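Each value in this text was obtained by applying a stated rule to the coordinates, not by laboratory testing. Computed from a prediction, not measured in an experiment: that's the story for all the values here. Cβ coordinates were reconstructed from backbone atoms using ideal geometry, including for glycine residues, and neighbour counts include every protein chain displayed.
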Amino acid sequence: MKRATSPKILLVDDDPDDHFFIESVINDFDSNIQIKSVYNGVQALDFLRSSLSPVEGESFFPDFILTDLNMPLLNGYELLIELKKDNQLKHIPVFIISTSKQPQIEKDCLNHGALKYYLKPISSNDLKSIIDDVLVITGIKN
């Protein structure tokens, strides 16, 4: 069965170069995927909360969130905690994508509701594999 709408991703990362790389690779992987980018957890929460009551014709509520961990104001782990406390947002699948290789950080993220923890990819093929995995985990792709 074909999906009625294009998949929507909220990308949360403070690095503009990472935004460009991730958005480019996702667009190359599937140009139908829609991406909204923000630069920290505060912006992510503000965006999500405003998306709950969209202005007419401006609806963008993500199917899932890809978030970095190390960001100013509200990092990815803190964002995860805040999302899971909010009854209207806690159902959104969250995937961590980070350079941090510390097993305890990964464990903490998974214990607090992240569906999967990925190390930031070095190549576009690595990122395409991650996106494919995320689409399967969320049920967007069979």
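A few points about this structure:
- Which of S53, S24, S98 has the fewest Cβ neighbours within 10 Å, and the rest in rising order: S53, S24, S98
- For the stretch 1-122, the relative contact order comes to 24 percent (Cα pairs under 8 Å, sequence separation of at least 6).
- In straight-distance terms, cross-link reach from K107 covers every one of the lysines whose alpha-carbon lies under 22 Å from its own, apart from those fewer than eight places away in the same chain; here that gives K84, K85, K90, K116, K120.
- From the coordinates shown, Cα extents along the principal axes in Å corresponds to which of [x] 49, 46, 27; [y] 41, 34, 28; [z] 47, 28, 23: [y]
- Using the Karplus relation 6.51 cos²θ - 1.76 cosθ + 1.60 with θ = phi - 60°, the per-residue 3J(HN,Hα) values for the stretch 125-134 come to 5, 4, 5, 4, 5, 5, 4, 4, 4, 4 Hz, with x marking Gly and Pro.
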